[in-house]
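One structure is given below, encoded as structure tokens.
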Amino acid sequence: MEAGILESIITLFQMICVIIVFAYLFTRSRYFLEVFEHRATLSTKIILILVFGVLSVYGSISGISLYGAVLNVHDLGPIIAGMTCGPYVGLGAGLIGGAFRFTQGGQYMYAASLATILAGVLSGLIYIANKKEFISTTNAVIYTILIEILLSIMQIVMVTPASQVVKIVTFVALPMITINAVAVFIFSKIIHNLLDERRIKLEKEKLESEMARKNAELQIAAEIQRNFLPETIPKTQGFEIAAKSIPAKEVGGDFFDVMPLEVIPMSNTRTGLMIADVSGKGVPAALFMALSRIVVRVTAMWFKKPSEVISFANPIIANNSKTGMFVTLFYGVIDNDTRTLTYVNAGHNPPIVLRKKSGEIEELNLTGVAVGAMDDSEYTQEELQLFPGDVIVLYTDGITEAINDREEMYDVPQLIETIRKNGDSSSQEIVDEIIRSVFAFTGSQPQFDDITLMVVTVS
């Protein structure tokens, strides 16, 4: 007898394997996906009823007679149909499976047929109770066991003689409950793997779409920022000016400007120079850069003295800095008539002046704190006398703080050395050579900060 029981269980597991393989293939079909996306049409539901009904029929055909009862998995199709597709599909599959089981006859044909129909209906009610979503694997197994226990009790009460109850429970009911629970466990795992695959795919597509959108926005922001920088440097009598800005990312916080200061220019003897570095990186820094540049540029048209320009612009910028950002800024005015540079250095890297005649180096130190840091800051100005051949180099810390593979900084002494070596060159040549020198120093190390540079040579 024990060998017969073992053989029966092995046969049932073979049945389950066939059903699971079919179920796996079917869950990859468009019909099953329509169910999960809650857009199943009537024709789709009919197809699902037929498919799960056929599974129930298969479960009956491959059943094994034991002690007058039939050990089978004909409830499996309706149970899965109800749990995954709802009560209508569960009921339809149960009717097909129940009708076929009835044709097989036997003392259990009425009870078994009714049990198959109830299996589909009860599973469908679980689907509705779970808001039309497939339940977790653990709950699916628990519900299957409870449903099978209920149906087994019903059949035992309706048909089984008292003398056969223990054998039917031990050798038929318990194995059927176990086998159906195992089958639902495997089927549930297949479904949840499918759901996980779809969720990951959707998240990946969403992430890719979001990245594409952000990249597009960054490209637009970068183009807007490039438009803020002068396309051409205005000519200024007595001076040659060149400048370049290289952001570390798509957008950056460095900027420079060269501004003719006459509203109706009769001559180009006075020109405003500005170089700045906004605290922070990325789009917020770029937006703050745009604000700072516009405010200083407009203010420069109203006031003649650099100290007045920055003193007026500072509270405007500070009161519009909602995130605590600030900008280190150098603003100066070169005048060909007086051959002077009058400037304010608001917390910025001290520009370097190479004196042609003596070869000495001068640094233009601070005259105030960073713009936007405090709305009541005071700024003073200094005046520098210029002579033919003098070179003025304005820069941001992306140059002096550039790091090589040994974590050494380019630093100010190397910048001064590069300026000395190229002091007789044109402004553009000096700019190009400094940039080349910085990137030669950093080698394979990526650029981590914006680089902005302006060179003025005195004619």
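The values are calculated or read from the model by the stated rules, or taken from the named source; none is laboratory data. These figures come from a predicted structure and were not determined experimentally. Using ideal geometry, Cβ is built from the backbone for each residue, glycine included, and neighbour counts are taken over all protein chains shown.
So residue 282 passes all but one of these: (1) more than 14 Å from residue 330 (Cβ to Cβ); (2) modelled with pLDDT of 85 or more. Which condition number does it fail?
Against the list (1) more than 14 Å from residue 330 (Cβ to Cβ); (2) modelled with pLDDT of 85 or more, residue 282 comes up short only on (2).
Checking the conditions here, which among 405, 337 is in a loop (DSSP other than H, G, I, E, B), of a type in the set (D, E, K, R) and within 26 Å of residue 450 (Cα to Cα)? Walk me through how you get there before you give the answer.
Details: 337 fails: within 26 Å of residue 450 (Cα to Cα).
Going through 405, 337 in turn, just one is in a loop (DSSP other than H, G, I, E, B), of a type in the set (D, E, K, R) and within 26 Å of residue 450 (Cα to Cα): 405.
Scan region 310-335 residue by residue and report those that are farther than 24 Å from residue 240 by Cα and in contact with a Phe, Trp or Tyr (Cβ under 6 Å, 6 or more places away or on another chain). First the steps, then the outcome.
Taking region 310-335 and keeping what is farther than 24 Å from residue 240 by Cα, we get 310-328.
Within region 310-335, 310, 311, 325 meet the criteria.
Has region 429-451 got any residue that is closer than 19 Å to residue 330 by Cα, in a loop (DSSP other than H, G, I, E, B), out of contact with any strand residue (DSSP E or B) (no Cβ under 8 Å at 6 or more places or on another chain) and in the same structural domain as residue 254 (by TED's automatic domain parsing)?
Residues of region 429-451 closer than 19 Å to residue 330 by Cα: 431, 449-451.
Still in the running and in a loop (DSSP other than H, G, I, E, B): 449-450.
Keeping just the survivors that are out of contact with any strand residue (DSSP E or B) (no Cβ under 8 Å at 6 or more places or on another chain) gives 449.
Cutting the leftovers down to in the same structural domain as residue 254 (by TED's automatic domain parsing) gives us 449.
Yes; the residues of region 429-451 include at least one that is closer than 19 Å to residue 330 by Cα, in a loop (DSSP other than H, G, I, E, B), out of contact with any strand residue (DSSP E or B) (no Cβ under 8 Å at 6 or more places or on another chain) and in the same structural domain as residue 254 (by TED's automatic domain parsing).
Out of 377, 358, 425, report the one residue that is hydroxyl-bearing (Ser, Thr, Tyr), out of contact with any Lys or Arg (no Cβ under 9 Å at 6 or more places or on another chain), closer than 22 Å to residue 243 by Cβ and not in a strand (DSSP E or B).
Details: 377 fails: closer than 22 Å to residue 243 by Cβ; 358 fails: closer than 22 Å to residue 243 by Cβ.
Every option except 425 fails the conditions.
Is at least one residue of region 394-412 in contact (Cβ under 8 Å) with a residue 60 or more places away in the chain, surrounded by fewer than 16 Cβ atoms within 10 Å (Cβ to Cβ), on the phi > 0 side of the Ramachandran plot and not aliphatic (A, V, I, L, M)?
First, the residues of region 394-412 that are in contact (Cβ under 8 Å) with a residue 60 or more places away in the chain: 394-398, 412.
Okay, now just the ones that are also surrounded by fewer than 16 Cβ atoms within 10 Å (Cβ to Cβ), so none.
No, because not a single residue in region 394-412 is in contact (Cβ under 8 Å) with a residue 60 or more places away in the chain, surrounded by fewer than 16 Cβ atoms within 10 Å (Cβ to Cβ), on the phi > 0 side of the Ramachandran plot and not aliphatic (A, V, I, L, M).
Give the residue that is farthest from residue 376 (Cα to Cα), with candidates limited to residues of region 304-318 that are assigned to a helix (DSSP H, G or I) and not aliphatic (A, V, I, L, M).
First pass over region 304-318, keeping only residues assigned to a helix (DSSP H, G or I): 306-318.
When the remaining residues are screened for being not aliphatic (A, V, I, L, M), the result is 306-308, 311-312, 314-315.
Working: 306: 17, 307: 13, 308: 13, 311: 8, 312: 10, 314: 8, 315: 7 Å.
Per the criteria, the residue is 306.
For residues that are assigned to a helix (DSSP H, G or I) and either on the phi > 0 side of the Ramachandran plot or not aliphatic (A, V, I, L, M) (or both), tally how many sit in region 272-302.
Initially, region 272-302 is screened for residues assigned to a helix (DSSP H, G or I), giving 282-300.
Next, only the ones that are either on the phi > 0 side of the Ramachandran plot or not aliphatic (A, V, I, L, M) (or both) stay: 282, 284, 288, 292-293, 297, 299.
Residues meeting the conditions: 7.
Sort out which residues of region 425-445 are in contact (Cβ under 8 Å) with a residue 12 or more places away in the chain and surrounded by fewer than 13 Cβ atoms within 10 Å (Cβ to Cβ), and write them in order of number.
If the condition is that a residue be in contact (Cβ under 8 Å) with a residue 12 or more places away in the chain and surrounded by fewer than 13 Cβ atoms within 10 Å (Cβ to Cβ), then 443, 444 are the ones that fit.
Which of the residues spanning region 114-135 are at pLDDT below 90 and small (Gly, Ala, Ser)?
Answer for region 114-135, where residues must be at pLDDT below 90 and small (Gly, Ala, Ser): just 115.
Taking the conditions exactly as written (in a helix (DSSP H, G or I), without any contact (Cβ under 8 Å) to a residue 60 or more places away in the chain and over 22 Å from residue 278 (Cα atoms)), does residue 417 satisfy them or not? Lay out the reasoning, then the answer.
On the way: in a helix (DSSP H, G or I): yes; without any contact (Cβ under 8 Å) to a residue 60 or more places away in the chain: yes; over 22 Å from residue 278 (Cα atoms): yes.
Here the answer is yes, as residue 417 does meet what is asked.
Among the listed residues 27, 11, which satisfies the condition of being in contact with a strand residue (DSSP E or B) (Cβ under 7 Å, 6 or more places away or on another chain), at pLDDT below 85 and of a type in the set (Ser, Thr, Tyr)? So that I can check it myself, show each step before the final result.
Working: 27 fails: in contact with a strand residue (DSSP E or B) (Cβ under 7 Å, 6 or more places away or on another chain).
After ruling out the rest, the residue left standing is 11.
Considering only region 116-145, state which residues are in contact with a Gly (Cβ under 8 Å, 6 or more places away or on another chain) and more than 14 Å from residue 53 (Cα to Cα). Show your work before the answer.
Of all residues in region 116-145, those in contact with a Gly (Cβ under 8 Å, 6 or more places away or on another chain) come to 116-128, 132.
Listed by number, the residues that qualify are 122, 123, 124, 125, 126, 127, 128, 132.
Kindly indicate whether residue 364 is modelled with pLDDT of 95 or more, surrounded by 15 or more Cβ atoms within 10 Å (Cβ to Cβ) and farther than 30 Å from residue 315 by Cβ.
Against the criterion (modelled with pLDDT of 95 or more, surrounded by 15 or more Cβ atoms within 10 Å (Cβ to Cβ) and farther than 30 Å from residue 315 by Cβ), residue 364 does not qualify.
Got a number for residues in region 319-357 being surrounded by fewer than 18 Cβ atoms within 10 Å (Cβ to Cβ) and more than 15 Å from residue 382 (Cα to Cα)? Step through it out loud before you land on a result.
So in region 319-357, the residues surrounded by fewer than 18 Cβ atoms within 10 Å (Cβ to Cβ) come out as 319-320, 322-324, 337-340, 350, 355-357.
Add one more test, that the residue is more than 15 Å from residue 382 (Cα to Cα), and what stays is 319-320, 322-324, 337, 355-357.
Looking only at that region, the number is 9.
When residues of region 340-364 are filtered for being over 16 Å from residue 396 (Cβ atoms) and without any contact (Cβ under 8 Å) to a residue 24 or more places away in the chain, how many remain?
Total satisfying the criteria: 3.
Tally time: how many residues in region 361-371 are closer than 17 Å to residue 383 by Cβ and in a strand (DSSP E or B)? Walk me through it before giving the result.
Our first condition is that a residue be closer than 17 Å to residue 383 by Cβ; within region 361-371, this holds for 362-368.
From what's left, in a strand (DSSP E or B): 362-363, 368.
Summing the residues that are closer than 17 Å to residue 383 by Cβ and in a strand (DSSP E or B) in region 361-371 gives 3.
Please determine, by comparing only the residues of region 446-459 that are among the polar types (S, T, N, Q) and surrounded by 24 or more Cβ atoms within 10 Å (Cβ to Cβ), which one is farthest from residue 238 (Cα to Cα).
Of all residues in region 446-459, those among the polar types (S, T, N, Q) come to 447, 452, 457, 459.
Filter once more, so that each one left must be surrounded by 24 or more Cβ atoms within 10 Å (Cβ to Cβ): 452, 457.
Working: 452: 23, 457: 9 Å.
The extreme case among them is 452.
If you take the residues of region 231-271 that are among the aliphatic types (A, V, I, L, M) and either modelled with pLDDT under 85 or assigned to a loop (DSSP other than H, G, I, E, B) (or both), which of them is surrounded by the most Cβ atoms within 10 Å (Cβ to Cβ)?
This residue is 251.
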